[in-house]
Structures are given as C-alpha cells and as structure tokens.
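The values are calculated or read from the model by the stated rules, or taken from the named source; none is laboratory data. The structure presented is a predicted model; accordingly, all values stated were derived computationally and were not measured. Methodologically, a virtual Cβ is constructed for each residue, glycine included, from the backbone with ideal geometry; neighbour enumeration extends over all protein chains shown.
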Amino acid sequence: MIPCVLQVSPANGNRQANAPNRYDGPVMKALLALACGALFASSALGVGSPAEAMPLQVQQWREIQPNKVRFISQIDTTDKVFFITIDDGWTKDPAVATWVRQTRTPITVFLTAAANPEDTSDFFRRVSRYGSVQNHTRTHSYLTSPSTDVNDEVCGIQSTYAKRYDERPWMLRPPYGNGGWPGSATSEHRRISSVVGPCGIKFVVNWTALVSNEGKFASQNGTDRIQAGDIVLLHFVSGLRDQLSALVERGKWSGLKPANLADYLQRPNVAENARK
Ligand SMILES: [Zn+2]
C-alpha cells in the first residue's frame, strides 16, 4: 500500500498575493492532521454552474487554448449538490460496488494504475457506473518532484484507461494534492499543464473536504457540514462502504445530495478525444 505521507506543500508559501488565505490556523492544522497530503487553497479559479456560464467559458477557453488545463478544488454552484471522489484503489471491497448499485450514487474514481491490474477493472467500472474513472497517475508520485517523469506518470496510462473504461480520462488528481491547488505557484501549474494538457487532461481536481481513512470528516469550512459544490475525498480502504453511507447521510443533513462531477465540468468532445 502506498504510504500516506503528510506533506506541507511548498506551493502554500507561494500562494498568489491576492488570494484569500482561508486555510491557516487551527482548522487547517486539524485538516492536515487528518489528510494524506491534504492542503486547501484558494478557489479563485473555481468553475461555474454547468447550467449557466460554465459551458460557454469552457468552450471559449478550449477554442483559444485547446491544451489549457484548469486547476480546481470545488465547484461554484448554488445547486444543492456535492461530489464524491475516491482515490488510489488498493482495497477492492465488493460491498462498495453493491452499495453504489443499490443507491445509484455517482462517484468519480481517481485511479492509480499500480493499484489497477487489468483483472480488477470490473470492480472500478461498477463503482464508477454513475460517475467516471479518472487519472491518479501510474505510481502515485509527487508531480512537482524533479525526479518524476510527469509524462509517463499521467500520459503513459491514458490509453490503457481509455480501453478499460471506454473514455479517455480528462481529469487528473495529483497524488498528495502536490502541485494541484488552484492558488499554488503558477510555475508548477505551467509545468504540469504543458505535459498533461496535450494528452487530454482538462482539469486538475483537488478537494475541499475529506473523509480520513479512519472515517473522520473534515472540511475547509471548519464545520461538520458539507457545503454546496464541495468535492469530497475518500480512499479505497476497508470500511469504505460505511464511510460512503455516512457521507451521504451527512449530505442529507446538510441539505445536499451527491452529483456527478463530470456533469458539472464539461466532457471533452468525442472528436477531440479521438485525436489524442
Ligand atoms: Zn492518492
């Protein structure tokens, strides 16, 4: 199993000067204690409601810069929804797939290829049946490390995932959140974008709330509630089914229901995919 490394991103110190510093202090420390590399940063580049400005903005942005990658950690929406994302893939509990089928819950799986031998693909297809399978790198490396071959880590697995899951991934979750926060250094964004954009990644997706491997919920808003547009991070660990069930209940208590993250971004069109 990949070790859960608690990392304070150097990007935090390079946050854009005008970005609000909402994540320091006791709440932040508590979140750091819970998360595997969890860092919350500004949502200054957050995206809009799919029903309104977002599709047009994305459309225009793709026409101008087809390989441009956006860095997000939440969805800016007034819809009463939140988004469930599950990372890595080391533990494959069939009860999770059964729960998804019974509850019809949309889940975005950010899958590490090292945890996904071909004969396990059916499990992830079932878990993502109302959502999608996206890229979480080949070996779970730090993307900003000079020794990491970002092209191999991300682009090197795109075709394999496209074959296994019928869609080329267009979202990337950077392991440990490393280099992926909306407010982190633009030089990091540029380096990652220049490599992953040309192989089809459109969004680098981090998170605003998480459930720790022990089942504890923590949010950047410092409360027990989920907020509309929150992207919640979980991992494939034992006990995940109960964590999911509790998370959906927490959503109800917060007046929210899970929605498919892909529906709130925009899928690359088929022609664009085919060229990659
Ligand atoms: Zn991970």
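Worth pointing out:
- Remark: pairs (first residue in the range 171-185, within 9 Å of Phe71 (Cβ to Cβ); second residue basic (Lys, Arg) and within 11 Å of the ligand (Cβ to nearest atom); Cβ separation under 8 Å; 6+ apart in sequence or on different chains) = Gly180/Arg173.
- Every residue from the range 74-105 that is at pLDDT 95 or above, surrounded by 21 or more Cβ atoms within 10 Å (Cβ to Cβ) and of a type in the set (Ser, Thr, Tyr): Thr85, Thr105
- Elements of type helices (runs of 4 or more DSSP H) in the range 111-172, at least 1 residues being within 16 Å of the ligand (Cβ to nearest atom), under 18 Å from the mean Cα position of the chain (by Cα) and among the hydroxyl-bearing types (Ser, Thr, Tyr): 158-165
- Ser254 touching a residue at least 12 places away in the same chain (Cβ under 8 Å) and under 25 Å from Asp76 (Cβ atoms): yes
- Filter result (more than 16 Å from the ligand (Cβ to nearest atom) and under 22 Å from Ser121 (Cβ atoms)) within the range 71-102: Asp93, Pro94, Ala95, Val96, Ala97, Thr98, Trp99, Val100, Arg101, Gln102
- When the range 202-243 is filtered for residues that are away from the ligand (no atom under 16 Å from the Cβ), part of a loop (DSSP other than H, G, I, E, B), closer than 30 Å to Ala162 by Cα and not basic (Lys, Arg), the ones remaining, listed by number, are Thr208, Gly229, Ser238, Gly239.
- Condition met for Asn221 (farther than 26 Å from Pro258 by Cα and not basic (Lys, Arg)): no
- Evaluation of Gly255 against the conditions (1) among the small types (Gly, Ala, Ser); (2) within 20 Å of Ser128 (Cα to Cα); (3) part of a loop (DSSP other than H, G, I, E, B) shows that the sole unmet condition is (2).
- Residue within the range 131-141 that is farther than 20 Å from Cys199 by Cα and among the aliphatic types (A, V, I, L, M) present: no
- Test: residue in the range 136-146 that is over 28 Å from Val81 (Cβ atoms), of a type outside the set (A, V, I, L, M), surrounded by fewer than 19 Cβ atoms within 10 Å (Cβ to Cβ) and out of contact with any helix residue (DSSP H, G or I) (no Cβ under 8 Å at 6 or more places or on another chain): yes
- Scoring Ser187 on the criteria (1) more than 16 Å from the ligand (Cβ to nearest atom); (2) modelled with pLDDT of 95 or more; (3) over 25 Å from Pro258 (Cβ atoms) leaves a single failure, condition (2).
- Neighbours by Cβ (under 6 Å, 6+ apart or cross-chain): first from the range 238-249, on the phi < 0 side of the Ramachandran plot; second part of a helix (DSSP H, G or I): Leu240/Val96; Arg241/Ala95; Arg241/Val96; Arg241/Trp99
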